[in-house]
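I have placed the structure first, in the form of structure tokens, so that the comments after it can refer back to it.
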Amino acid sequence: MDYETRLKRLRFRAWHRGTKEADLMIGGFFDAHGASLSPAELDWFEALLEEQDVDIMAWAIGSQPCPDQWQGPIMERMRTLSYVPVAR
């Protein structure tokens with residue numbers, strides 16, 4: 001599949017998680033960083049999407065220890081949470 005189609009597919013999967021909270025966290029992260037991810041990082045993100053939303057969110061906010069396979073620079077970016085839209 002070509003690069004643009006892959007990004008669209010991943011964006012859809014990131015924004016259609018099942019709960020609004022997961023959509024905002026995972027979809028918001030992809031909107032903020034998806035276009036700048038390398039092909040290897042996109043592979044990582046695509047594999048992460050196979051995990052349960054509650055686990056991804058817990059690892060990102062630090063309420064559960066993150067497994068070694070998900071530790072790294074992308075998870076660190078997810079942990080900033082600066083990409084989650086907040087109504088003011």
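Every read-out reported here was derived from the displayed coordinates using simple, explicitly stated rules and does not represent laboratory data. Predicted, not measured: the structure shown is a model, and the values here were computed from it. Because the Cβ atoms are built from the backbone with ideal geometry, glycine has one as well, and the counts that use them run over all protein chains shown.
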Members of the stretch 77-88 that are over 11 Å from the mean Cα position of the chain (by Cα) and charged (D, E, K, R): ARG88
Within the stretch 22-66, track down each residue that is assigned to a loop (DSSP other than H, G, I, E, B) and either within 9 Å of the chain's Cα centre (by Cα) or surrounded by 11 or more Cβ atoms within 10 Å (Cβ to Cβ) (or both). LEU37, LEU49, GLU51, GLN52, GLN64, CYS66
